[in-house]
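What follows is a single structure, written as structure tokens, with notes after it.
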Amino acid sequence: MVQPFVEVATEADRDVLVALIDQSARALCATDYSSAQIESALGSVWGLDTQLIRDRTYFIVRAGSEVVGCGGWSWRRTLFGADAYSDRNSGELQPGRDSARIRAFFVSPAWVRRGLGRRILERCEAEAVRCGFSSAELMATLPGVKLYQACGYVPGAAQSFPLPNGMSIDFVPMVKQLVDGDGLSR
């Protein structure tokens, strides 16, 4: 069996990432969202954020030549959303005051429950701490909440966000302290 490995995504990965995101969302979100919500969310609230690739904070998991997972973190204010999402803010966050953003995690349906999301998350958290962030926040999909809770994130109340077709979709805000008061990683 091929051992998956995490690496920094590049512009050359763009097409395969878009395909992976679409495949993952359609298969893994179907128990929590309607097909109309999923289709409307793709390319707006879900999808590729090329700013993460340019910032070198977006990662892919490869198993041989196949891309089987992706996800990243950011020091920018945007909490979620693809390039086309209207509520974006590329302003920089302040380490030590603001929380790093955990962003855009998707796994191939054939590779779920194998620890890929956790591996990407650990890499994101380690890099955020290295850049001076002591906490992280994210906006979880309903199926993603279990992973993030298992990794120490604390959920808030679900929030509804508008979609381009007039529908809405629910996400759950979550936060985690990455370092304790003495600056030690958790």
Next on the checklist: Among the residues in region 117-126, are any surrounded by 13 or more Cβ atoms within 10 Å (Cβ to Cβ) and either assigned to a strand (DSSP E or B) or hydroxyl-bearing (Ser, Thr, Tyr) (or both)?
Outcome noted: no
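A quick yes/no check of all residues on (1) assigned to a loop (DSSP other than H, G, I, E, B); (2) more than 13 Å from the chain's Cα centre (by Cα); (3) buried (at least 18 other Cβ atoms within 10 Å of the Cβ); (4) of a type in the set (Ser, Thr, Tyr):
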residue: PHE133; (1), (2), (3), (4): yes, yes, yes, no
residue: ALA136; (1), (2), (3), (4): no, no, yes, no
residue: LYS146; (1), (2), (3), (4): no, yes, no, no
residue: GLY152; (1), (2), (3), (4): yes, yes, no, no
residue: PHE161; (1), (2), (3), (4): no, yes, no, no
residue: ASN165; (1), (2), (3), (4): yes, yes, no, no
residue: ILE169; (1), (2), (3), (4): no, yes, yes, no
residue: MET174; (1), (2), (3), (4): no, no, yes, no
Checklist entry - Out of (1) surrounded by 20 or more Cβ atoms within 10 Å (Cβ to Cβ); (2) modelled with pLDDT of 95 or more, what's the single condition that is false for ASP49? => result (2)
Next on the checklist: Looking for something more than 14 Å from the chain's Cα centre (by Cα), assigned to a loop (DSSP other than H, G, I, E, B), among the acidic types (Asp, Glu) and more than 29 Å from VAL2 (Cβ to Cβ) - is there at least one such residue anywhere in region 84-91?
Outcome noted: yes
Checklist entry - Would you say ALA63 is more than 11 Å from the chain's Cα centre (by Cα), surrounded by 18 or more Cβ atoms within 10 Å (Cβ to Cβ) and modelled with pLDDT under 95? => result yes
Item to check | When residues of region 18-42 are limited to those that are without any contact (Cβ under 8 Å) to a residue 60 or more places away in the chain and of a type in the set (A, V, I, L, M, F, W, C), the one nearest to ARG54 (Cα to Cα) | outcome: VAL18
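The values are calculated or read from the model by the stated rules, or taken from the named source; none is laboratory data. Since this is a predicted model, take the numbers as computed values, not measurements. Cβ atoms come from the backbone with ideal geometry, glycine included; neighbour counts cover every protein chain shown.
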